[in-house]
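Got a structure here, written out as structure tokens. Questions coming.
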Amino acid sequence: MTPSAASSGPGAPGLDIPAVSVTPGGTATTSLTVRNDSDIVEAYTLEVVGDCAPWATVAPARISLYPGTSETVTITLAPPRSPEVRAGDVPLGVRVLPAEHPESVTVPETTVHVEEFHELRTEILPRRRRGWLRGRYRLAVRNEGNTPTRVSFRPEQAGEELRFGFVPAELQLEPGESAETRLRVRIGKPVWFGKPAVWPFTVHTTDGAAEAQAEASARPAAYVRPPLEAEFVQIPIFPKWLLALLAAILALLLAWFALVRPAVRSAARQAADEVVQPRPTPGDGKNGQSPGTGTGTGTGNGTGKEQGGAGPGVPGGGSPGGTGPGTSAGGGEQSSTTIDVETAGGQDKTGSYTVPQGKVFGVTDIVVANFQGDEGVMTITFGDRKITTIALETFRNQDYHWVTPIEIPANATVTAKVSCAKPGTPATGRQAQQCHEVLNVSGVLANVSQ
């Protein structure tokens, strides 16, 4: 093509640019013929100006012409496939600057037609949703094309179990604009038991502008978007573990009513019978002793008028742990004492209680407390009689009871000897520095008469 000449004054070149169309992401070229109508040799610098300048180049960018000669340069257009390059007519200008006569600069112009392209970026979140009857999803859409479009959605599922709802049902998007729509999926029938049911489905996104363009040109759409795939996992109302738990609870209830409850009631009844059973006193004549008898000559507290009479008294030397020959106990009162023993690991220590002068102590109950969980051995002695030896690590609280009191004579001692192997850990959570045991002794403290 031979363009027509144009002049703008002395030394102005003759030039013209034909119009051109270009598709974003592709390239197109047009040409410009520069003619030197001056009478001197002239050099020209060429530069693309206008909205096309970021994606247009001219080559060569500098030429030199003799008077009356011309040269054609190539303008290359390469717009990116981006929403920023809008579809439509865009002005293109090339500034031609003469070196010798810069005042004769000219800017020939033409029109570049940027063609439309359609592209959508879609995403569904989350890809999998769990629920009893319904699930909610988000569809994010971005218009990556260079022309406004109307976006609609079409769900698809193999059966007819699922129901779909889009809010909003359509989106109007400008180039480069993003938006979201909410998708609600619902199923009519619940799953009561068993495994979860998986319902896959797809969502097709429709570009209204692309469909209209395809219908107008009687050609299929140039850009086909893959459908969005997602799943709705319908979980059962009653999972397997709940059924197993209910079965286990039912079995425990049956075992309780059939086995444990009768045994507990029997044990409770036996314990109640033992509590209400009358407890013998030191003078009740048990263990083969006759009231008021003994090896000594004391008269006791009975009403008998002879030695060894039949009046009520206290046991003599024939009772376990008795006060010994020649003594008998008068009426007494309930009494208790506490022996507290602390000792370091690897050491022994003894705590004691001495029966007062002129008294006899009839022991009926003892309680041993190992509240720290110490390890070692405790030996309990009444006078010269060893009552028990127990390992500390086998208990925290231990109690002993006697129907017939164990009598400890005057000036005799109740001792608790602790051999500490290892201090335990109390409720504070920090290991103790010493073993610490407590012995409580209860019974009847009575006067002794000769």
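Can you check what the net charge comes to around S419, using other residues whose Cβ is under 15 Å from the Cβ of S419 (Lys, Arg +1; Asp, Glu -1)?
-2
If you don't mind, there's one more thing I want to ask. Where does each of K195, K240, K417, K359 land when they are ordered by accessible area, with a 1.4 Å probe and the largest first?
K195, K240, K417, K359
Where Rh is the Kirkwood radius over the Cα pairs of region 407-450, the temperature 10 °C and the viscosity 1.306 mPa s, what D in µm²/s does Stokes-Einstein return?
112
Could you tally the net charge around G165, taking each other residue with its Cβ under 9 Å from the Cβ of G165, Lys/Arg +1 and Asp/Glu -1?
On the way: positive: R163, R182, R184, R186; negative: none.
Summing Lys and Arg as +1 and Asp and Glu as -1 gives +4.
Modelling each spin label as a point 7 Å along the Cα-to-Cβ direction, I'd like the E160/A99 distance in nm, to one decimal.
My value for the distance between the label points is 8.2 nm.
Under a plain spin-label model, where a point goes 7 Å from the Cα along Cα-to-Cβ, how far apart in nm are A251 and V49?
Simple spin-label model gives 9.2 nm for this pair.
Additional query: Top to bottom by accessible area (1.4 Å), largest first, where do H118, H204 land?
Ranking H118, H204 by accessible area, largest first, yields H204, H118.
If T428, T57, T149, T202 are ordered by their accessible area, calculated over protein heavy atoms with a 1.4 Å probe, which sequence runs from highest to lowest?
T428, T57, T202, T149
The values are calculated or read from the model by the stated rules, or taken from the named source; none is laboratory data. Computed from a prediction, not measured in an experiment: that's the story for all the values here. All Cβ positions, even for glycine, are placed from backbone atoms using ideal geometry, and neighbour counts span all protein chains on display. These area figures cover heavy atoms from the full protein model, side chains too; ligands, DNA and RNA do not enter into them. Shrake-Rupley method; radii C 1.70, N 1.55, O 1.52, S 1.80 Å.
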